[in-house]
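Asker: This is the structure, below, for whatever I ask next.
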Amino acid sequence: MFAQMKSCGETYLILAIIDKQTDQMVAHGAAIVENKYIHGGASAAHIEDIVVSPTCQGGGVGKKLVIGLRDLSAAQGCYRVELHCRAEKIRECAFEA
């Protein structure tokens, strides 16, 4: 699946957080970049599939991942970044722009 996503150019922005002590992935997420007809053909990003290992939940790892994907999307020129998640997660991921 990763190879297929990678072959799509800049459509998928994927971040992973690795625990340096164990060399294990503890979180990952993706932003899907969509080209729009409006705003002169600009792009918008949709952050989805945020997953954090149970051993790391509650420590802010997911929030760091969302902020990283937001910043990466903005660096790619996305004029809008949307977070898609369950309603109970919205307050946990709230951050200042």
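Asker: Considering only G77, G62, G40, give the residue with the highest GNM mean-square fluctuation for the chain, with springs between Cα atoms whenever their separation is below 10 Å.
Answerer: In this elastic network of the chain, the residue with the biggest mean-square fluctuation among G77, G62, G40 is G40.
Asker: If you don't mind, there's one more thing I want to ask. How many percent of DSSP beta bridges within the chain run antiparallel, rounded to 5?
Answerer: Restricted to the chain, the bridges split so that about 75 percent are antiparallel.
Asker: So what is the calculated 222 nm ellipticity per residue for the chain, using -39500 (n - 2.57) for each DSSP H run with n of 4 or more, over all residues, to the nearest 500 deg cm²/dmol?
Answerer: Computed ellipticity for the chain at 222 nm equals -8000 deg cm²/dmol.
Asker: Would you mind telling me which residue in I32, I47, I17 has the biggest mean-square fluctuation in a Gaussian network model of the chain, where springs connect alpha carbons within a distance under 10 angstrom?
Answerer: So, out of I32, I47, I17, the one fluctuating most is I17.
Asker: How much of the accessible area of the chain, in percent, comes from carbon and sulfur atoms when a 1.4 Å probe is used?
Answerer: 54
Asker: Follow-up question, since we're still on this one. Under a 10 Å cutoff between Cα atoms, tell me which one of Y79, Y12, Y37 has the largest fluctuation in the Gaussian network model of the chain.
Answerer: Maximum fluctuation in the GNM of the chain, among the listed residues, is at Y37.
Asker: While we're looking at this one, here's another question. For the range 1-77, what are the per-bin percents of Cα-Cα distances with bins 5 Å wide, up to the bin holding the maximum?
Answerer: Histogram of Cα-Cα distances, whole percents per bin: 3, 15, 23, 22, 17, 11, 6, 3, 1, 0.
Asker: Please list, ordered by chain and number, the residues whose modelled amide H lies under 5 Å from the amide H of A42; skip anything fewer than 5 residues away on the same chain.
Answerer: For A42, whose amide H was placed from the backbone, the distant partners under 5 Å are K36.
Asker: To continue, here is another question. Please give the per residue accessible area of the range 1-73, computed with a probe of 1.4 Å over protein heavy atoms only, in Å².
Answerer: 65
The values are calculated or read from the model by the stated rules, or taken from the named source; none is laboratory data. Model, not experiment: these values are computed from the prediction. Surface areas here come from the heavy atoms of the whole protein model, side chains and all, with no ligands, DNA or RNA. Shrake-Rupley method; radii C 1.70, N 1.55, O 1.52, S 1.80 Å.
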